[in-house]
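The values are calculated or read from the model by the stated rules, or taken from the named source; none is laboratory data. This is a predicted model, so every value here is computed, not measured. So basically every Cβ, Gly included, is an ideal-geometry build from the backbone, and we count neighbours across all protein chains shown. We work out accessible area using only protein heavy atoms, side chains counted, and drop any ligands, DNA or RNA first. Shrake-Rupley method; radii C 1.70, N 1.55, O 1.52, S 1.80 Å.
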Amino acid sequence: EAGVTQFPSHSVIEKGQTVTLRCDPISGHDNLYWYRRVMGKEIKFLLHFVKESKQDESGMPNNRFLAERTGGTYSTLKVQPAELEDSGVYFCASSQLGGGTNEKLFFGSGTQLSVL
Amino acid sequence: DQQVKQNSPSLSVQEGRISILNCDYTNSMFDYFLWYKKYPAEGPTFLISISSIKDKNEDGRFTVFLNKSAKHLSLHIVPSQPGDSAVYFCAALRINSGYALNFGKGTSLLVTP
């Protein structure tokens, strides 16, 4: 069974440019999450999809970030325009039952974003 | 307003001995606590969890202890193996606030032969 796949694994862009990150969850997982880890800090929740609907987007930093999950399969996270403080590792995770309780979240390997 | 804190950024333990990783939290309303393990260039992987109504959960070499009055939990690894060397993240969840996990900053464990 394929795991959570994220693309690209690394992205280096200049301040003001646009970047789009992609996440393919495990097949059949309705729940998809985006998290971000800025260097030296904790992993922070960004948002949660249930199928194609945004269940919780309370962690999105500002309106420069736009997440979509058309058709309830893969998701994209666009940053436009990127700022220096957006640098970090962006993780995607998926789960079947919508938990984070005893049900595991399966994380992708992350996209390392560097904004110069 | 970090609600989950791991105050030890690193820990070094000899192979075969016990590793104890600590985690403190501030929100008494958390329902579940989880530990994730992360290797370099990989995403975190789920290790073990505990409900807030329990005080201990065991899975093989891994045991998590919860002390609600102290708002403290710990992960014990016995015996420690070199393959356990990784970053360990403590996380907490409050179901009524959605399913967002609140993570600590992580503790880097090194198990030496």
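Brief remarks follow.
- For B:D84, the stated conditions do not hold, so it cannot be described as away from chain A (no Cβ under 14 Å), of a type in the set (D, E) and without any contact (Cβ under 8 Å) to a residue 40 or more places away in the chain.
- Among the candidates B:S108, B:S74, B:S49, B:S97, the residue that is surrounded by fewer than 18 Cβ atoms within 10 Å (Cβ to Cβ), at pLDDT below 95 and closer than 26 Å to A:V38 by Cα is uniquely B:S97.
- Odd one out for B:G43, checked against (1) touching a Ser or Thr at 6+ places or on another chain (Cβ under 7 Å); (2) of a type in the set (G, A, S); (3) in contact (Cβ under 8 Å) with a residue 12 or more places away in the chain; (4) open to solvent by less than 50 Å² (accessible area, probe 1.4 Å): (3)
- B:G60, sole failed condition from (1) under 26 Å from A:F45 (Cα atoms); (2) open to solvent by 30 Å² or more (accessible area, probe 1.4 Å): (1)
- Of all residues making up segment B:23-54, the number that are of a type in the set (D, E, K, R), over 14 Å from the mean Cα position of the chain (by Cα) and under 24 Å from B:S97 (Cβ atoms): 2
- Scanning segment B:47-59 for any residue that is closer than 25 Å to A:D24 by Cα and within 14 Å of chain A (Cβ to nearest Cβ) turns up at least one such residue.
- Counted residues, segment B:3-30 - those being farther than 16 Å from B:H76 by Cβ, part of a loop (DSSP other than H, G, I, E, B) and open to solvent by less than 50 Å² (accessible area, probe 1.4 Å): 2
- Considering only residues in segment A:25-60 that are over 18 Å from A:T76 (Cβ atoms) and either touching a residue at least 24 places away in the same chain (Cβ under 8 Å) or open to solvent by 60 Å² or more (accessible area, probe 1.4 Å) (or both), the one that is farthest from the other protein chains (Cβ to nearest Cβ) turns out to be A:G28.
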